[in-house]
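Below is one structure, written out as structure tokens; the observations come after it.
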Amino acid sequence: MVKIRIPTPLRPLTGGKSEVEAMASDIQSMIESLNGQFPGLKDRVCDDKGEIRRFVNIYLNEEDIRFLKGKDTPLKDGDEISIVPAIAGGAHPSQGDA
Amino acid sequence: MFNLIVPRQTLDEMIAHARAAAPHECCGLLAGKDGLVTRHYPIKNIVASQGAGVAELFDTAKIATLDKLSPEERADIAFWMDARDMFAAQKDMRVQGTAMLASYHSHPVSPARPSPTDVKALAFYPDIAHFILSLENGAHPVVNAFLIADGAVTPISYTIA
């Protein structure tokens, strides 16, 4: 069993829970398990090809899974996973207010 | 929920962060409890290193403009929060027993209202407030707060304590 920390924008899908659990052997199966428990969650985390969205960062314990094996990163009992969608934006370059 | 109370000191720290980062945009998070902001987390703006990854969040006009700029110049008109800083901030929020209440970012030379890029990208976080700090009028920074969801922008008021 692994523990997954759910970010604010995904909590409407988890009934407001900030932490949930899943039985999973790797990140991919964790996403599938979460989607089974909380339908629609996979669409927020992955693109239409099933790849983890570029702005969605996933940490296994203290490490970014991009520096491990991505969605094939293996999980073990007791692991803690954090989903961290980036926040981004920015001003219009020339019009000043658009 | 969005009856936010922001301590004067926190507001001053946010403005100082924006001034220090200019001409680049700064960004950060505000956390607290029951609408009272108790902690301010400056976050690194790493838009310069984002490359093609911006396509998922930014509008096409912004992407076209960013493509014409040097990496350093990109931070003048955009921000992308460093995920490791966000991860560390959220970890601290768990320790403190607080929640993420708001994001903030600066507009160094434009007004304190959301750009089309803000409306598109910040919509992923519809449940927190988004503060925009304008340094357009250098001596008199303007700080406004908004809710942004599904293409709609709702200005919200906040109290300075």
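The values are calculated or read from the model by the stated rules, or taken from the named source; none is laboratory data. Note that the structure is predicted; figures quoted are calculated from it, not measured. Note: ideal-geometry Cβ built from the backbone for every residue, glycine included; neighbour counts use all protein chains shown. When the accessible area is computed, the model is the full protein with side chains, heavy atoms only, and any ligands, DNA or RNA have been set aside. Shrake-Rupley method; radii C 1.70, N 1.55, O 1.52, S 1.80 Å.
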> What order, most packed first, do the peptides A:46-52, A:64-70 have when packing is the mean number of other Cβ atoms within 10 Å of each residue?
Replying inline: A:64-70, A:46-52
> What does the charge add up to near B:His105, with Lys and Arg as +1, Asp and Glu as -1, over the other residues with Cβ less than 15 Å from its Cβ?
Replying inline: -1
>> Largest first, please: the extent of the C-alpha atoms of chain A along each principal axis, to the nearest Å.
In response: 53, 31, 26
> So what is the 222 nm mean residue ellipticity for chain A from helices alone, if each DSSP H run of at least 4 adds -39500 (n - 2.57) and you divide by all residues, rounding to the nearest 500 deg cm²/dmol?
Replying inline: -4500 deg cm²/dmol
> Interface A/B, total buried accessible area with a 1.4 Å probe, nearest 100 Å²?
Replying inline: 3000 Å²
>> Cβ neighbours within 10 Å, averaged per peptide: list A:10-19, B:37-46 in order, most packed at the top.
In response: B:37-46, A:10-19
> Which lysines, on any chain, are close to A:Lys17 with Cα under 19 Å apart, when same-chain ones fewer than 8 places away are left out?
Replying inline: A:Lys3, A:Lys42, B:Lys33, B:Lys91
>> Can you work out the Karplus-derived ³J(HN,Hα) for every residue in the range A:11-24? Use 6.51 cos²θ - 1.76 cosθ + 1.60 with θ = phi - 60°, whole Hz, and x for glycine or proline.
In response: 5, x, 7, 9, x, x, 6, 8, 9, 9, 10, 8, 8, 7
>> Between helix A:27-37 and chain A, what is the angle of the helix's C-alpha long axis to the longest principal axis, kept within 0 to 90° and rounded to the nearest 10?
In response: 90 degrees
> Expressed as a fraction of 2.2 N^0.38 Å, the rule-of-thumb size for a compact globular protein of N residues, what is the C-alpha radius of gyration of the range B:4-160?
Replying inline: 0.98
> Amide H to amide H under 5 Å from B:Ser106: which residues, 5+ apart in sequence or cross-chain, H placed 1.01 Å off N in plane?
Replying inline: B:Cys26, B:Leu133
> Of the heavy-atom accessible surface of chain B (probe 1.4 angstrom), what whole percent is carbon and sulfur?
Replying inline: 56 percent
>> Please compute, for peptide B:134-143, the average count of beta-carbon atoms on other protein chains lying within 10 Å of each residue's beta-carbon.
In response: 1
> Given a 1.4 Å probe, how much area per residue of the protein assembly as shown is accessible, in Å²?
Replying inline: 45 Å²
> Expressed in whole Å with the largest first, what are the equivalent ellipsoid semi-axes of the protein assembly as shown derived from the C-alpha gyration tensor as the square root of 5 times each eigenvalue?
Replying inline: 31, 21, 16
